[in-house]
């Protein structure tokens, strides 16, 4: 069983690399990892059909889900998100828009959010909040 300790951004990036592997991603997906006591819960949540960034109502809905998870499933959790998609290892405007929306949902839910990552064929890279204009 894969049970990494996640206390740094480097450890989180390594975990995403381990979980996403080197293969291509044929779909646009958002992956959500819940972290409690510096360890990820044993399941990831995948949101498919995540090509266009979410509208404000969907960001609010994600914030509601995060609040419920923190309250009922994993008190004291942190959340980590990764966007996977086909294509080149370049952070696009759409990737930045997704990262902005994911950071916003976590902020609205008052749930600590780790650095959002992007996975493309053979690559995992961070999209830090300051890159998308969040401080």
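Numbers at a glance
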| item | result |
| --- | --- |
| Residues that are surrounded by 19 or more Cβ atoms within 10 Å (Cβ to Cβ), modelled with pLDDT of 95 or more and more than 16 Å from residue 30 (Cα to Cα), drawn from region 97-132 | 109, 111 |
| Condition broken by residue 69, with the remaining ones in (1) touching a helix residue (DSSP H, G or I) at 6+ places or on another chain (Cβ under 8 Å); (2) closer than 13 Å to residue 109 by Cβ satisfied | (1) |
| Residue among 42, 53 that alone is touching a helix residue (DSSP H, G or I) at 6+ places or on another chain (Cβ under 6 Å) and either closer than 17 Å to residue 100 by Cα or not in a helix (DSSP H, G or I) (or both) | 53 |
| Flag if residue 64 is surrounded by fewer than 20 Cβ atoms within 10 Å (Cβ to Cβ) and part of a loop (DSSP other than H, G, I, E, B) | no |
| Unmet criterion (only one of (1) at pLDDT 95 or above; (2) within 13 Å of the chain's Cα centre (by Cα); (3) farther than 21 Å from residue 132 by Cα) for residue 47 | (1) |
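The values are calculated or read from the model by the stated rules, or taken from the named source; none is laboratory data. All of these numbers come straight from a predicted model, not from anything done at the bench. Positions of Cβ are backbone-derived with ideal geometry, glycine not excepted, and every protein chain shown enters the neighbour counts.
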